[in-house]
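Some notes on the structure that comes next.
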Amino acid sequence: MTETPRRSGHGVPAAVPRVRLVDVAREAGLSKTTVSAALNGTGRLSPAVRERARETARRLGYRPNATARLLRAGHARLIGYAVGEYPTTPGSYMDSPYFAQLTSAIATAALHHGYALVLLPTSSSPSEWADLPLDAAIVADPLEDDPLIEDFVAARIPLSTDRSVEGRPGTHWVDIDTDAAMREVLDHLHAQGAQRIAVVAPDTPTRFNAEALDLYRRWCARQGATPRITLSVRPGNGPAVEAVERALSAPDRPDALFVLTEANPPLVLDAARRLGLSVPGDLLLVCASEDSSAAHADPPVTTLSLQPECVAAAGIEQLVAALESGSQEPTGTLVQAKLEIRASSERGGDSTAASALRRRGRHEVECTSTPLT
């Protein structure tokens with residue numbers, strides 16, 4: 001058996017025998033070729049011989065050399081992953097409930113298909129990943145004209161990102177139906193009697209943020225209302241709460257607030273209370289959030305979920321299909337956001353619709369998406 005290092009009790013590497021295929025064959029009293037066929041599910045072997053080889057391999061702790069197998073197949077089954085929204089701002093995207101759930105869901109979906117996720121710095125240059133045997137790449141929420149997108153496309157690495165790459169060979173996109181999401185939130189608040197709806201948004205030049213604010217301005221124009229936009233200059237709860245307080249301190253105070261930037265919903269409620277405002281009496285509130293604390297706040301906060309698990313599943317499905325087929329045809333999927341109506345955005349308290357949404361259960365994930373090519 002070959003030797004691989006382990007730590008002894010004194011912190012000094014000690015030798016641990018690595019079980020080889022020949023060791024399994026010798027122990028099972030079979031040929032190396034027979035054992036290999038049994039473990040790979042090939043060859044014309046009797047069930048008894050196949051089971052004897054597999055049982056011996058399990059008992060000895062044999063593991064195939066995955067690296068050698070993948071190199072023989074011509075690929076490493078690695079997908080690079082970066083988040084474009086955070087390259088110039090402090091903090092980690094893993095502090096964000098949305099990006100934490102998105103990253104976890106992408107990693108889980110990729111592993112289900114036999115691929116591993118490689119986390120790349122958000123400001124990665126080709127020199128940092130050029131030597132990695134990446135089969136594909138994912139850039140979540142890229143910035144406008146993001147150089148990382150162009151680097152992956154130039155390297156001819158299959159890429160999944162947002163709709164900014166639509167139609168480009170070797171690229172695949174997944175996006176939220178921003179138009180439908182914004183209309184649903186704004187129409188809901190308007191139906192509850194809101195006349196002065198304000199939006200707190202992140203100050204980052206991503207496609208989603210730019211589209212959302214443009215749609216908000218157009219909605220206000222149709223309603224004959226004045227847009228009220230306050231930008232959160234950095235990610236994180238602190239800057240978001242500061243932006244909420246600025247928005248609510250305006251002389252002509254808003255009577256409804258849509259917090260598009262990620263913020264902890266109970267902290268947003270606290271900010272309103274510090275300014276002497278009750279929710280929903282003085283202020284209707286909706287937060288774009290994946291934070292589970294929203295459902296347990298007082299009052300429970302209405303949230304717009306951007307469906308990170310659905311986005312992850314659609315993106316990985318597109319990438320894996322392209323990798324397995326070798327196709328360069330671009331693909332795309334539009335995912336529907338999900339509005340969870342709770343007491344914070346209803347003048348009359350709980351409605352039938354809100355109660356029905358709560359009865360579904362917070363852990364249910366409903367993916368509504370439209371594949372586009």
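Restricting the stretch 257-271 to residues that are of a type outside the set (A, V, I, L, M, F, W, C) and part of a helix (DSSP H, G or I), which is farthest from Ala105 (Cα to Cα)?
Asp270
Can you report the number of residues in the stretch 193-213 which are part of a loop (DSSP other than H, G, I, E, B), buried (at least 21 other Cβ atoms within 10 Å of the Cβ) and more than 20 Å from the chain's Cα centre (by Cα)?
1
Show the residue pairs that are 6+ apart or on different chains and have beta-carbon atoms under 7 Å apart, the first residue being within the stretch 155-176 and without any contact (Cβ under 8 Å) to a residue 12 or more places away in the chain, the second being part of a loop (DSSP other than H, G, I, E, B).
none
Being modelled with pLDDT under 65, surrounded by 13 or more Cβ atoms within 10 Å (Cβ to Cβ) and part of a helix (DSSP H, G or I) is the filter here; which residues of the stretch 69-99 pass it?
Matches in the stretch 69-99: Leu70 only.
Could you pull out the residue among Asp145, Asp131, Asp141 that is under 15 Å from Arg207 (Cβ atoms) and without any contact (Cβ under 8 Å) to a residue 12 or more places away in the chain?
That would be Asp145, the only listed residue that is under 15 Å from Arg207 (Cβ atoms) and without any contact (Cβ under 8 Å) to a residue 12 or more places away in the chain.
Report whether or not Ser36 is farther than 30 Å from Ala130 by Cα, at pLDDT below 75 and over 34 Å from the mean Cα position of the chain (by Cα).
For Ser36, the condition - farther than 30 Å from Ala130 by Cα, at pLDDT below 75 and over 34 Å from the mean Cα position of the chain (by Cα) - is not met.
Identify the residue in the stretch 214-233 that is surrounded by fewer than 17 Cβ atoms within 10 Å (Cβ to Cβ) and of a type in the set (Lys, Arg) and, among all such residues, is farthest from the chain's Cα centre (by Cα).
Filtering the stretch 214-233 for residues that are surrounded by fewer than 17 Cβ atoms within 10 Å (Cβ to Cβ) and of a type in the set (Lys, Arg), the one farthest from the chain's Cα centre (by Cα) comes out as Arg222.
Yes/no matrix, rows are residues, columns are (1) in a loop (DSSP other than H, G, I, E, B); (2) at pLDDT 95 or above; (3) of a type outside the set (Lys, Arg):
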| site | (1), (2), (3) |
| --- | --- |
| Leu215 | no, yes, yes |
| Pro239 | no, no, yes |
| Ala243 | no, yes, yes |
| Ala250 | yes, no, yes |
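Only residues that are farther than 24 Å from Arg347 by Cα and either among the aromatic types (Phe, Trp, Tyr) or touching a Ser or Thr at 6+ places or on another chain (Cβ under 7 Å) (or both): list them for the stretch 172-200, please.
His172, Trp173, Val174
How many residues are closer than 20 Å to Pro147 by Cβ and more than 15 Å from the chain's Cα centre (by Cα) when one looks only at the stretch 93-132?
Looking only at that region, the number is 11.
Is at least one residue of the stretch 272-286 without any contact (Cβ under 8 Å) to a residue 24 or more places away in the chain, part of a helix (DSSP H, G or I) and surrounded by fewer than 21 Cβ atoms within 10 Å (Cβ to Cβ)?
Yes, the stretch 272-286 contains a residue that is without any contact (Cβ under 8 Å) to a residue 24 or more places away in the chain, part of a helix (DSSP H, G or I) and surrounded by fewer than 21 Cβ atoms within 10 Å (Cβ to Cβ).
Just to be sure, is Thr302 more than 20 Å from the chain's Cα centre (by Cα), at pLDDT below 95 and among the polar types (S, T, N, Q)?
For Thr302, the condition - more than 20 Å from the chain's Cα centre (by Cα), at pLDDT below 95 and among the polar types (S, T, N, Q) - is not met.
The values are calculated or read from the model by the stated rules, or taken from the named source; none is laboratory data. Please read all numbers here as calculations on a predicted model, not as lab measurements. So basically every Cβ, Gly included, is an ideal-geometry build from the backbone, and we count neighbours across all protein chains shown.
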